[in-house]
Structures are given as structure tokens and as C-alpha cells.
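The next block holds one structure in the form of C-alpha cells; read it before the comments.
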Amino acid sequence: MRSNKEAPDLRGLALVVVAGAWLVGILISWWVPLPSWVFLLGAGVALIGVIFLWRNNWGRLILLAALWMLLGAWRYTTVSPIGDPQAISAFRGSGKIEVRGTVADEPKLQERSTSLVISVSAISTDSGATWQDAHGQMEAITPGAL
């Protein structure tokens, strides 16, 4: 039987804190768009703090949470298409477009349509007169079965 003075077993708490911090970092990066180097610099500072406070359990846990939160935010900013002028998502809502690309996955047959995942390589906004490089994936739904 454990007495009231003993510390609770918190071994499983670290994984929950780290996973939660990663997700909070993604949310923070979504709300506050900062350059990715800011988050990476903060993560470096937090890592140094973890090294210095390695023997302090609560200090280490708090700084590990901060480290993973900053790394989650950094990861989100590095893969987010926001601010990328060549991402296919940047052309959403710009009217009629034409794309060049390759089918990236097996067609998915549905009752009355076929769904294709296309890996985009170029895009034209002027009916094919000029083409510019683009990247990303899009889904095209065609009527009928192939």
C-alpha cells in the first residue's frame, strides 16, 4: 500500500504530454503564422534547457513539452502550403484552370463515378496558352466508370 507522501507514478504521463504538446504546437502555428526558423530556434533553446534540467523531473517534463510543442509548430510550418505560390491549393478559387500531371493512385470506382488522385506538375490559368510549374495533389471525379 502506498502512503500519501510517495510521489505518484508518472511514467506514462510523459508520452501523453509530448503528444499533446505536438498537437498544441500545430494549433499555435496555424493560429500564429511565424517563419519556421523561429520555431526551430525556440526548440534549440528548449533542448538546451532540457539538458541543464535533466535531473529536475518537473522542469524536464515542462521543457520537453515546450520542445515538442515548438517542433510540432516547426513541422507544420515546413509542410504547410500557405505562402507557397506553386502549391496547387494556391490556385483554388481562381477560375477555370488546366493541370498537367500523373495519376498518383489506383482509380477508386464508385457507383456512378470514378475518383482519381492526380499529382500535379504544371498549371495553366489561360486555357493552355502558358504553363507554370506547380506541385501538390488533387482529386478529380469523372462521371461514369472507367
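The values are calculated or read from the model by the stated rules, or taken from the named source; none is laboratory data. These numbers come from a predicted model, not from an experiment. Cβ coordinates were reconstructed from backbone atoms using ideal geometry, including for glycine residues, and neighbour counts include every protein chain displayed. The area values use the complete protein model at the heavy-atom level, side chains included, leaving out ligands, DNA and RNA. Shrake-Rupley method; radii C 1.70, N 1.55, O 1.52, S 1.80 Å.
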Checklist line | Subset of segment 119-146 [in contact with a Lys or Arg (Cβ under 9 Å, 6 or more places away or on another chain), assigned to a strand (DSSP E or B) and among the β-branched types (Val, Ile, Thr)] | finding: 120, 123
Next item on the list: Could you figure out which of (1) aliphatic (A, V, I, L, M); (2) over 29 Å from residue 38 (Cβ atoms); (3) exposed (fewer than 14 other Cβ atoms within 10 Å of the Cβ) isn't true of residue 79?
Entry: (2)
Next item on the list: Looking at (1) within 30 Å of residue 144 (Cα to Cα); (2) modelled with pLDDT under 85; (3) hydroxyl-bearing (Ser, Thr, Tyr); (4) under 23 Å from the mean Cα position of the chain (by Cα), find the lone condition where residue 119 falls short.
Entry: (2)
Checklist line | Flag if residue 72 is modelled with pLDDT under 90 and open to solvent by less than 80 Å² (accessible area, probe 1.4 Å) | finding: no
Note to self: Just to be sure before I move on: is residue 2 modelled with pLDDT under 85, surrounded by fewer than 17 Cβ atoms within 10 Å (Cβ to Cβ) and in a loop (DSSP other than H, G, I, E, B) in the structure I sent?
What the structure shows: yes
Checklist line | Residues of segment 11-47 satisfying the condition of being exposed (fewer than 12 other Cβ atoms within 10 Å of the Cβ), of a type in the set (Val, Ile, Thr) and either touching a residue at least 12 places away in the same chain (Cβ under 8 Å) or assigned to a helix (DSSP H, G or I) (or both) | finding: 16
Margin query: I'm told residue 129 meets every condition in (1) among the aliphatic types (A, V, I, L, M); (2) out of contact with any strand residue (DSSP E or B) (no Cβ under 9 Å at 6 or more places or on another chain); (3) surrounded by 13 or more Cβ atoms within 10 Å (Cβ to Cβ) except one. Can you identify the failing condition by its number?
Written below: (3)
Checklist line | segment 50-69: number of residues that are open to solvent by 80 Å² or more (accessible area, probe 1.4 Å), hydrophobic (A, V, I, L, M, F, W, C) and modelled with pLDDT under 90 | finding: 3
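Go through segment 85-103 and give me each residue that's of a type in the set (A, V, I, L, M, F, W, C) and surrounded by fewer than 13 Cβ atoms within 10 Å (Cβ to Cβ).
Step one: of segment 85-103, the residues of a type in the set (A, V, I, L, M, F, W, C) are 87-88, 90-91, 97, 99, 103.
Answer for segment 85-103, where residues must be of a type in the set (A, V, I, L, M, F, W, C) and surrounded by fewer than 13 Cβ atoms within 10 Å (Cβ to Cβ): just 103.
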